[in-house]
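Heads up: the structure comes next, in C-alpha cells.
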Amino acid sequence: MIIIMRPDATEEQVNYVVEKLKVHGFGTHLSKGVERTVIGAIGDKSAIELETIQMLPGVSEIVPIRKPYKLVSREFQKADTVVKISERLSIGAGQKIAVIAGPCSVESEQAIIEVAAEVKKAGAAALRGGAYKPRTSPYSFQGHGKKGLEMLKKAKEKTGLPIVTELLDTRDAELVAQYADVIQIGARNMQNFILLREVGKMKKPVLLKRGGGATIEELLMSAEYIMSEGNHNIILCERGIRTIETYTRNTLDLSAVPVIKKLSHLPVIVDPSHGTGKWDLVAPMSLAAIAAGADGLIIEVHPNPAEAMSDGPQSLKPETFSALMKQLQAVARAVGREL
Ligand code: PEP
Ligand code: MN
C-alpha cells in the first residue's frame, strides 16, 4: 500500500508513520516529492489496523496497490526511474537514448578492444560482451569466464566505455560485479529467483532481460524480486518472445515497451539482435523501438560476423552499426529524445 502524507506533514510525522509500519513488519520506501511525501509499505496488511495508520498525524490517504508487483509499479512511484551507470551515462526517460553495443561473446583481448573503439566512435554509450555464455548446446563455446572479464577491463581502460556483461551463476556474482558496470541477467535466467535475490543485494545496476516464454507481468515480478532486496537500479529489456512465427529467431514484442512504461517506472531498452536473430532486421527494429518509446538499445556488433564464436547471423558489422546510429538520431529527435 501507499501512504500519502499531507503537503504540510512534518518530517517527524513522516518518521513516526515509518516507524509504526516497521514495528508491524512492513518494509518501507520513502519518496519525497516537491509537493508531498509518499511512503510505500510492503508487508502483510492483516498485521495492522489500517484505520490506526489513517489516524496518525500528517497522513492524508492510504491507497492499496492492486498489482502483484508493488515496488516496480507505477502506482508505487509515479516518476520515471533513472538508472545511473557512470558520471556520463544514465538510462531512463528524459535522458539521452543509450545504445549499448559489442559482440555477443568476448573472444580475444585485441578483438574486444578494437570493437569497443569502433562502437564508441559510432556513438555507443556502453560496451556489451559475454564472458559467461548461456548456450543452448553444452558443446558450444561457453565464454572465456574470468579471462573474458579481464579482456573487458582492458577495453574499458582503452575506451572509457562502461561494461555490460552477463552473470549466469550466483557463485560468480562477486567476481562479475568487480568488472561489470551493469550486470546482465539473461532471458534464460529471468526466473532464477536465487540469482535475482543475489543481484538484489548488490548496488550495481542490473539489466534484466525478458524470458523467451515470459509474460510482461512475469518480467515485472522478476524485477520485484531484485527490488525487494533493496536494489532499485534495474533496466528492463525486451528481447523477443517465442510465438508461432519461425522466420525470425524470436518475435520482438515492441508493444511491451509502452505497456511496461504504463505499468512500471523502470527504464526499458530493446535488444533487436536476439529479438530477430537476423542482422538485416536489426536496423528497422531499432528505429521502431525508439519510436515506441524505448530508453535505449542493446545491439550485437562484430568486426567479422561470419567468424563470430556466437550469434554471427544477428551481428552488425561496425560500419552498418555506424550507419544505423545516424538513422537513429533522426527518429530520436522525432519523438523528442536525443542520441
Ligand atoms: C546475450 O545478450 O548475449 C544473450 C544471451 O541474450 P538473451 O539472454 O536475451 O538470450
Ligand atoms: Mn548473443
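Looking at the range 85-120, which of its residues are of a type in the set (Ser, Thr, Tyr) and closer than 23 Å to residue 143 by Cα?
The answer is 105, 108.
Answer with yes or no whether residue 118 is more than 16 Å from ligand 1 (Cβ to nearest atom) and in contact with a strand residue (DSSP E or B) (Cβ under 8 Å, 6 or more places away or on another chain).
yes
Which one of these is farther than 27 Å from residue 203 by Cβ, modelled with pLDDT under 90 and charged (D, E, K, R): 12, 51?
51
On the given criteria, is residue 164 surrounded by 24 or more Cβ atoms within 10 Å (Cβ to Cβ), in a strand (DSSP E or B) and within 16 Å of ligand 2 (Cβ to nearest atom)?
Answer is yes for this residue.
Within the range 100-116, which residues are in contact (Cβ under 8 Å) with a residue 40 or more places away in the chain, over 24 Å from the mean Cα position of the chain (by Cα) and more than 16 Å from ligand 2 (Cβ to nearest atom)?
Across the range 100-116, the qualifying residues are 108, 109, 113, 114.
When you look at residue 81, is it closer than 27 Å to residue 263 by Cβ and at pLDDT below 95, yes or no?
no
Of the residues 71, 127, which is touching a residue at least 12 places away in the same chain (Cβ under 8 Å) and within 16 Å of ligand 2 (Cβ to nearest atom)?
127
Show me the helices (runs of 4 or more DSSP H) entirely contained within the range 254-339 in which 3 or more residues are over 19 Å from residue 223 (Cβ atoms).
Here the list reads 272-276, 279-291, 318-334.
Just to be sure, is residue 212 within 21 Å of residue 193 (Cβ to Cβ), part of a loop (DSSP other than H, G, I, E, B) and at pLDDT below 95?
It is false that residue 212 is within 21 Å of residue 193 (Cβ to Cβ), part of a loop (DSSP other than H, G, I, E, B) and at pLDDT below 95.
Among the residues of the range 293-310, what is the count of those that are closer than 19 Å to residue 208 by Cα and either away from ligand 1 (no atom under 16 Å from the Cβ) or among the hydrophobic types (A, V, I, L, M, F, W, C) (or both)?
Qualifying residue count, the range 293-310: 6.
Here's the yes/no breakdown for (1) more than 16 Å from ligand 1 (Cβ to nearest atom); (2) modelled with pLDDT under 95; (3) among the polar types (S, T, N, Q); (4) not in a helix (DSSP H, G or I):
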{"site": "156", "(1), (2), (3), (4)": "yes, no, no, no"}
{"site": "172", "(1), (2), (3), (4)": "no, no, no, no"}
{"site": "191", "(1), (2), (3), (4)": "no, no, yes, yes"}
{"site": "220", "(1), (2), (3), (4)": "yes, no, no, no"}
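Can you pull out every residue in the range 118-156 that is closer than 17 Å to residue 189 by Cβ, crowded, with 21+ Cβ neighbours inside 10 Å and of a type outside the set (Lys, Arg)?
130, 131, 132, 143, listed by residue number.
Provide a single number: the residues in the range 304-325 that are within 16 Å of ligand 2 (Cβ to nearest atom) and either farther than 16 Å from residue 133 by Cα or touching a Phe, Trp or Tyr at 6+ places or on another chain (Cβ under 9 Å) (or both).
Final tally of qualifying residues: 13.
Without any contact (Cβ under 8 Å) to a residue 60 or more places away in the chain and under 16 Å from residue 134 (Cβ atoms): does that describe residue 200?
Considered against the rule, which asks whether it is without any contact (Cβ under 8 Å) to a residue 60 or more places away in the chain and under 16 Å from residue 134 (Cβ atoms), residue 200 comes out as no.
Is it the case, given these coordinates, that residue 132 is of a type in the set (Ser, Thr, Tyr), in a loop (DSSP other than H, G, I, E, B) and within 16 Å of ligand 2 (Cβ to nearest atom)?
Judged against the criteria, residue 132 is a match.
Name the pairs: first residue in the range 6-19 and within 15 Å of residue 35 (Cβ to Cβ), second residue of a type in the set (A, V, I, L, M) and not in a helix (DSSP H, G or I), Cβ to Cβ under 8 Å, at least 6 apart or on different chains?
6/59; 9/59; 14/5; 14/30; 14/39
Determine, yes or no, whether residue 187 is more than 16 Å from ligand 1 (Cβ to nearest atom), modelled with pLDDT of 95 or more, hydrophobic (A, V, I, L, M, F, W, C) and out of contact with any Ser or Thr (no Cβ under 7 Å at 6 or more places or on another chain).
No; evaluated as a whole, the condition is false for this residue.
Determine which member of the set 264, 273, 255 is hydroxyl-bearing (Ser, Thr, Tyr), away from ligand 1 (no atom under 14 Å from the Cβ) and buried (at least 20 other Cβ atoms within 10 Å of the Cβ).
Answer to the check: 264.
The values are calculated or read from the model by the stated rules, or taken from the named source; none is laboratory data. Values in this document were obtained by computation on a predicted structure and should not be read as measured data. FYI the Cβ positions are ideal-geometry reconstructions off the backbone, even for glycines, and counts take in every protein chain you see.
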